[in-house]
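Below you'll find the structure, written out as structure tokens, and then a few comments.
Values in this text are rule-based calculations from the coordinates and carry no lab data. Just so it is clear, the structure is predicted and the values come from calculations on it, not from any experiment. Virtual Cβ from ideal backbone geometry, glycine too; neighbours counted across all protein chains shown.
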Ligand SMILES: Cc1cc2nc3c(=O)[nH]c(=O)nc-3n(C[C@H](O)[C@H](O)[C@H](O)COP(=O)(O)OP(=O)(O)OC[C@H]3O[C@@H](n4cnc5c(N)ncnc54)[C@H](O)[C@@H]3O)c2cc1C
């Protein structure tokens with residue numbers, strides 16, 4: 001056993017941290033939050049120039065063939081700086097499934113563009129039922145000659161309004177039975193397709209989400225990703241990777257909040273001493289640290305299992321449930337220890353506080369994850 | 001023991017309910033029933049003022065005041081029955097800072113002249129009041145404050161900065177605590193003042209936005225701000241004792257959150273019965289049911305605590321630590337409530353005000369951000385626990 005990162009990974013982390021600190025200060029984060037797109041094309045370009053978009057893409061498609069763990073390191077550092085943008089969505093929910101399930105032609109078409117930073121992808125999975133399970137998917141695709149026609153509404157779709165392609169999960173067989181996993185297919189849908197209507201709205205985490213209405217949207221059959229009716233295993237893998245990526249982002253933010261709060265406690269004076277000298281304050285900081293460390297450990301263990309292809313449903317769900325709640329508690333304690341200033345729009349703590357709630361809801365909230373664990377332990 | 005309401009109290013409650021049913025028909029469209037409604041928009045503040053005048057006319061703002069200042073000398077229990085009806089309707093009109101805090105402080109400590117000047121407009125619901133206590137470097141440790149007040153002829157001249165002054169941008173009156181004896185660095189050198197903001201030169205108000213983007217607070221700057229000497233409340237350099245008596249009122253009146261939660265809970269129950277997620281209404285899901293039930297339990301506990309406090313106050317002086325315990329409970333409940341609602345609403349709960357997909361017009365997305373702030377306001381959780389430990393349990397001060 002070995003829990004250490006390689007030297008290259010540590011270098012990647014350091015350079016990512018420097019980049020985020022320098023290129024994405026809180027001021028820019030706020031600016032991007034206020035913007036329509038919810039991301040900065042210039043920043044995206046800079047990240048692409050560093051090779052981040054190609055990090056996990058194989059060399060033959062213009063990437064550098066890095067690992068899922070490498071990707072998580074980057075995402076953790078982005079979480080630390082609240083770097084906004086469709087990175088997780090394009091890489092984890094776009095590039096990885098195409099690499100895993102795409103045809104040679106699809107890989108040829110999509111991966112080089114992603115690696116160049118010239119294509120943004122969004123996952124169109126959830127619907128007004130607001131659930132993450134197969135049975136809840138009602139959007140349907142019917143085949144007609146060499147194409148499919150998609151109808152229905154997707155909701156809470158992050159970055160759909162700026163995406164070039166949507167990866168849409170649709171039902172290709174009627175009447176779901178049981179868990180509804182059979183009969184789902186994935187489609188790479190050109191975002192400019194006629195009949196596709198995307199309406200963005202703002203959310204607590206400041207990542208824009210969209211309502212995406214498919215009204216007889218035509219998709220060529222060659223844009224089906226993976227096998228017809230057998231899409232669920234691809235989605236399941238994507239959701240697990242998405243959940244772990246969200247954990248990585250969360251622990252990055254969580255660690256930053258712990259550091260900010262500890263530093264502030266050592267500085268802030270009340271009753272003639274620093275508030276860090278009060279035992280209750282110390283204990284609260286220790287709880288924050290403990291949440292951050294435990295969340296980080298379980299995240300990377302689950303991530304490692306996932307990338308080794310070992311069974312990991314229980315670990316991933318545990319990590320997601322734990323890291324989400326840890327991040328929420330850490331930001332809550334952090335804000336409390338900052339006093340009223342922690343609850344102002346201008347203080348950076350709020351950036352993390354709001355993202356922690358959003359992270360909890362992404363890829364299945366803790367209730368959802370506990371249900372997965374319940375099944376895994378034989379209930 | 002007898003926890004029953006008297007027939008008169010029952011009748012009063014019905015009268016209040018009928019009144020607020022009517023009044024709330026006029027509420028602005030996006031009215032949510034939180035303090036931010038009153039402070040963050042002109043429209044909301046105007047509505048608050050309209051209702052306040054009506055309450056003033058009915059005499060409902062002065063229920064517990066002495067008769068000589070226009071009050072009815074009603075019990076705190078009677079007042080709580082009123083506040084409960086108001087809170088359950090999400091109605092504004094009762095300015096906690098003015099009616100709940102400043103008025104009882106003035107009645108107890110101010111000169112006759114000041115009482116005659118400041119109490120009647122409060123009683124009529126014509127003014128709103130703000131509290132300028134906290135400073136950038138004096139929050140929990142309020143006695144460390146540095147705003148100075150220096151005697152000059154017939155006036156005191158104030159210099160310094162306050163912050164977190166809720167609602168100063170709409171307020172008419174302000175009460176301030178400032179240092180009058182610079183030799184004394186802590187509570188002994190402080191004095192308490194009340195002032196009419198419209199008549200005070202040298203006052204600058206600058207907005208501070210809360211995490212959810214509302215204009216809740218202000219920074220207040222005093223630049224040679226002149227106030228007449230008679231506006232001193234209590235004795236010079238003994239303002240700390242005036243502050244303490246006000247804190248008791250503030251902390252014991254903050255149970256309003258319990259009532260606010262009850263108001264939200266009712267709406268939420270209805271929402272869960274009417275809203276399907278998947279194949280069945282939310283209200284059928286055991287997790288949702290248990291969460292709502294737990295909130296009902298905690299609200300019941302909080303309500304019981306509020307009535308206990310009112311009864312204790314009616315029987316004589318209310319111990320400081322009892323007021324602290326009630327504030328502590330109510331503020332923690334408020335936070336847990338805001339968390340529970342978000343857990344129930346899931347992805348929808350995170351949608352911001354302004355989208356058709358935001359349930360309850362996004363109220364709970366706001367509340368989730370600001371509810372825990374009330375674990376700091378009016379003395380943080382830790383400060384309340386210190387009070388309870390030292391006064392209630394007679395533990396030694398650790399420092
Ligand atoms: C929503 C809201 C409304 C407010 N409205 C007003 C208003 O109208 N007027 C006004 O004057 N003020 C107002 N305040 C300010 C409020 O009174 C202060 O926020 C509060 O007293 C805490 O002070 P602080 O923010 O400076 O935090 P600090 O005093 O700096 O405290 C920082 C942290 O240290 C902890 N701490 C401090 N001392 C101890 C100790 N001895 N032991 C353990 N822990 C300790 C605190 O609990 C807190 O978590 C408001 C605050 C909020 C959040």
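Structure values in brief
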read-out: Complete set of residues in the stretch B:235-244 that are in contact (Cβ under 8 Å) with a residue 40 or more places away in the chain, surrounded by fewer than 18 Cβ atoms within 10 Å (Cβ to Cβ) and assigned to a helix (DSSP H, G or I); value: B:244
read-out: Residues located in the stretch B:355-377, provided they are in contact with a strand residue (DSSP E or B) (Cβ under 9 Å, 6 or more places away or on another chain), more than 7 Å from chain A (Cβ to nearest Cβ) and not in a helix (DSSP H, G or I); value: B:356, B:358
read-out: Sole exception among (1) in contact (Cβ under 8 Å) with a residue 24 or more places away in the chain; (2) farther than 17 Å from residue A:259 by Cα; (3) outside any loop (DSSP other than H, G, I, E, B) for residue A:364, by number; value: (3)
read-out: Considering residues of the stretch B:338-389 that are under 20 Å from the mean Cα position of the chain (by Cα) and away from the ligand (no atom under 16 Å from the Cβ) only, the residue surrounded by the fewest Cβ atoms within 10 Å (Cβ to Cβ); value: B:363
read-out: Selected residue (criterion: nearest to the chain's Cα centre (by Cα)) from residues of the stretch B:125-149 that are away from the ligand (no atom under 11 Å from the Cβ) and within 13 Å of another protein chain (Cβ to nearest Cβ); value: B:143
read-out: Given (1) in a strand (DSSP E or B); (2) buried (at least 21 other Cβ atoms within 10 Å of the Cβ), number of the condition residue B:212 does not satisfy; value: (1)
read-out: Selected residue (only one of B:219, B:183 is out of contact with any strand residue (DSSP E or B) (no Cβ under 7 Å at 6 or more places or on another chain) and either more than 12 Å from the ligand (Cβ to nearest atom) or within 27 Å of residue A:273 (Cβ to Cβ) (or both)); value: B:183
read-out: Residue in the stretch A:265-279 that is surrounded by the most Cβ atoms within 10 Å (Cβ to Cβ), counting only those that are in contact with a helix residue (DSSP H, G or I) (Cβ under 6 Å, 6 or more places away or on another chain) and part of a helix (DSSP H, G or I); value: A:275
read-out: Residues satisfying the stated conditions in the stretch A:132-146, i.e. crowded, with 17+ Cβ neighbours inside 10 Å and in contact with a strand residue (DSSP E or B) (Cβ under 7 Å, 6 or more places away or on another chain); value: A:134, A:137, A:139, A:140, A:141
read-out: Flag for residue B:395 being outside any helix (DSSP H, G or I), more than 19 Å from residue B:139 (Cβ to Cβ), more than 12 Å from the ligand (Cβ to nearest atom) and more than 9 Å from chain A (Cβ to nearest Cβ); value: yes
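So that you can scan it fast, the table gives a plain yes or no per residue for (1) under 20 Å from the mean Cα position of the chain (by Cα); (2) more than 14 Å from every other protein chain (Cβ to nearest Cβ):
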site	(1), (2)
A:76	yes, yes
A:117	yes, yes
A:122	yes, yes
A:172	no, yes
A:180	no, no
